[in-house]
Structures are given as structure tokens and as C-alpha cells.
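No value in this document is a laboratory result; all are computed from the given coordinates. This one's a predicted model, so the numbers in the text were calculated from it and none came from an experiment. Cβ placement follows ideal geometry from the backbone for every residue including glycine, while neighbour counts extend to all protein chains displayed.
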């Protein structure tokens, strides 16, 4: 996968940030933490946030397995002092991160994040990476 932003998804991310009060950043990433499209953040921050979202999702998946769930993660919400992070599964191997201010309505933002995840998920998925075959 190339490290380019996918313009066909950027407008969806931009729409979410513009429509939902207090939403600031939206990011689509692969399951292994590579940014695919982003709106509202500088490139250096996008890379860091993609890694954070991937890590949060992975921790939730592991916790689910440990408590006899199947490990499938629908959504993770982290409420910080002045910021709320929403991480949701968009498609197989694809995640969506939305960051909003403290005054965002968690119900509205959670719903909108999940709805966008489903919209994006119908158009993109990231196949599992396989080890390179050795020549020879």
C-alpha cells in the first residue's frame, strides 16, 4: 500500500468533522496502523494517531479474547481530560479514528463514527499481510 491519502475517502472524513459538533480529526487506517486517509491533522500527527488507534484497537481485541469474547471489536471510546477518541472497525483490516473535544455528545459521535465506518467498510478493506516468498 502506498503512503498516499485516498481522496475518495478524505471527503467522507471531512464531512463527518464538519457536520458533527466538536469533532476535530478523522482518520482511516489499516489494521496495522498505516494511515490511508485523514482530515484535520498534520501528516506527522496523522502517523502518530494511526499508531495509537491501532494499538487501542489491538488492546481491546486482546481484552475481548481474555474475557471469552470472540475478540471482535466494534468500538472503543477513550475519554481524556479535554478530548474524546473513538476507534471503530470500518471493514476487515481497516479502522476509523475520530477525535473530538470534551463537549462532543458521545452518543451522537459514536453513532456517526459507526455509520461512517460502515459506509467506508463497503468500499475498502485491507487484506492480511503475508510473509514474502523467498526466491529460489
So, how do all the Cα-to-Cα distances of the stretch 7-121 break down into 5 Å bins, in percent, from 0 on up?
2, 13, 25, 26, 20, 9, 3, 1
Using a Förster distance of 22 Å, how high is the FRET efficiency between residue 83 and residue 111, based on the Cβ-Cβ distance and rounded to 0.05?
0.70
Euclidean distance between Cα centres, the stretch 71-106 to the stretch 35-61, Å:
11 Å
Provide the gained length on full extension for the span residue 74 to residue 14, in nm with one decimal, where the gain is 0.36 nm per separating residue minus the Cα-Cα distance.
19.4 nm
Give, as ranges by residue number, the residues of the stretch 50-78 whose backbone N falls under 17 Å from the point 7 Å along Cα→Cβ of residue 118.
73-76
